[in-house]
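Okay, structure first, notes after.
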Amino acid sequence: MKTTVVFAFFLLIASTSLSAKIPSEITLATTNWPPYTSGSSPDKPGIVYEYITEILAKNGITLRIERYPWSRAIKMANDDNDIHGLLTAVYEEAPKLLFTRTPVMNYKVNFYTAIDNHWLYQDQRSLNSMPSPLCIILGYGYGSPIDEFIHDEANKTRLHILTGGNAQQRLVKMLEYKRVAVIIEDELVIESYTKKSTNIRFAGTLSDSPFYLAFNPNLNWSRDIVELLNQELAEPENLQRLQQLVSDYTSKQQ
């Protein structure tokens with residue numbers, strides 16, 4: 001009995017020490033990616049923005065978000081500065097960062113073309129007949145097989161790569177004005193920018209994939225925050241809250 005009490009005491013000390021390593025405020029970089037990391041008003045800053053802010057607040061941690069063009073956000077998260085990590089990311093985008101094992105949520109990557117273009121993505125072979133140019137955003141990870149297609153030097157002339165701010169909005173405008181033939185983006189993001197537009201059409205789904213939080217591994221508390229988030233993101237209560245947020249944001253797009 002005495003041994004059990006002593007062991008429990010040391011576990012408590014270890015737990016307290018672990019929590020103490022995580023600062024009371026952390027800063028994550030992101031980009032404008034509605035409705036996930038941004039929204040239509042200050043009181044609706046984005047699904048993931050609200051979700052992670054609430055989770056961290058329950059653990060006494062304040063979340064600060066800074067928005068940049070995506071390629072710059074990735075660079076800043078990798079560098080040793082005041083940016084501690086990324087609010088949303090997939091491994092292919094930032095392989096040097098430390099990722100949560102538990103995903104934040106899923107996103108669905110679709111192809112879109114102009115309304116009078118009848119090309120449809122069905123499988124990898126469809127990429128051979130895909131009209132060009134395909135417009136992508138610098139630094140984005142789209143998943144297989146499109147990532148392999150993008151990095152193939154033979155396809156370089158078939159791509160139009162966007163950099164800088166407001167990339168998603170510009171992506172949609174490029175397609176609406178027929179300056180590009182195909183774009184790829186998450187369906188909720190497209191709905192945020194197109195509303196009831198009839199100028200573009202769905203042209204197939206690439207993937208329904210998870211995304212994660214990621215932290216600079218050089219931070220002495222990065223593994224502690226990742227372990228904390230691994231637990232919190234799997235909690236049924238938090239998952240229920242996430243579904244409420246998704247419903248709230250998507251219903252406003254209808």
Sole exception among (1) more than 21 Å from the chain's Cα centre (by Cα); (2) assigned to a strand (DSSP E or B); (3) of a type outside the set (A, V, I, L, M, F, W, C) for N218, by number: (2)
In the range 64-120, what residues are more than 14 Å from the chain's Cα centre (by Cα), farther than 15 Å from T27 by Cβ and among the aliphatic types (A, V, I, L, M)? L98, A114, I115, L120
Can you tell me how many residues in the range 43-66 are surrounded by fewer than 17 Cβ atoms within 10 Å (Cβ to Cβ) and basic (K, R)? 2
Only residues in the range 124-145 that are more than 11 Å from L159 (Cα to Cα) and aromatic (F, W, Y) count as the first member; pair them with residues that are crowded, with 17+ Cβ neighbours inside 10 Å and at pLDDT 95 or above, Cβ under 6 angstrom, at least 6 apart or cross-chain, and list the lot. Y142/I184
Hand me the list of strands (runs of 3 or more DSSP E) wholly inside the range 61-127 holding 1 or more residues that are farther than 19 Å from F211 by Cβ and not assigned by TED's automatic domain parsing to the domain that holds A29. 105-114
Residues of the range 159-206 being among the hydrophobic types (A, V, I, L, M, F, W, C), at pLDDT 90 or above and part of a strand (DSSP E or B), which ones? L159, I161, L162, V182, I183, I184, I200, F202, A203
With respect to I225, is the statement that it is part of a helix (DSSP H, G or I), in contact (Cβ under 8 Å) with a residue 60 or more places away in the chain and closer than 21 Å to L171 by Cα true? no
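The values are calculated or read from the model by the stated rules, or taken from the named source; none is laboratory data. These numbers were taken from a predicted model, which means no experiment stands behind them. Cβ sites come from the backbone with ideal geometry, for glycine too, and all protein chains shown count toward neighbours.
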